[in-house]
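**Student:** Please find one structure pasted underneath; my questions will follow.
Where a number appears in this text, it was derived from the coordinates with a stated rule and is not lab data. The structure displayed is predicted, hence computed values, not measured ones.
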Amino acid sequence: MYQEGKVHQAAKVMKRLRLPILGVSETIWTGARKVHLTNEETVHCSGLAGDDAPHEKGVALILSKEAEKSL
């Protein structure tokens, strides 16, 4: 999901399949963050910490608007 647009593709598929939660492994994002997408999904991700951390490993959850309310 490090390539531009990949997270939005995953969110589109998630919406099409009516999945409230999607777990993603090997996101290769660094640090921990929460990102709001334009199409009402939220991404919670966690990867290696540090300014010089390599883009390796990492996991993420993509939550629908309804699932985010339950968190």
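**Student:** Counting C-alpha atoms alone, how compact is segment 6-70: give Rg to one decimal and Dmax as a whole number, in angstrom.
**Tutor:** Reported Rg and Dmax, both Å: 12.0, 37.
**Student:** For residue 15, give me every one of the lysines with a C-alpha distance below 18 angstrom, ignoring sequence neighbours fewer than eight places off in its own chain.
**Tutor:** Straight-distance partners of residue 15: 6, 65, 69.
**Student:** Would you grab the residues whose amide H sits under 5 Å from the one on residue 30? Only those 5+ places off in sequence or on another chain, please, with H modelled 1.01 Å from N.
**Tutor:** none
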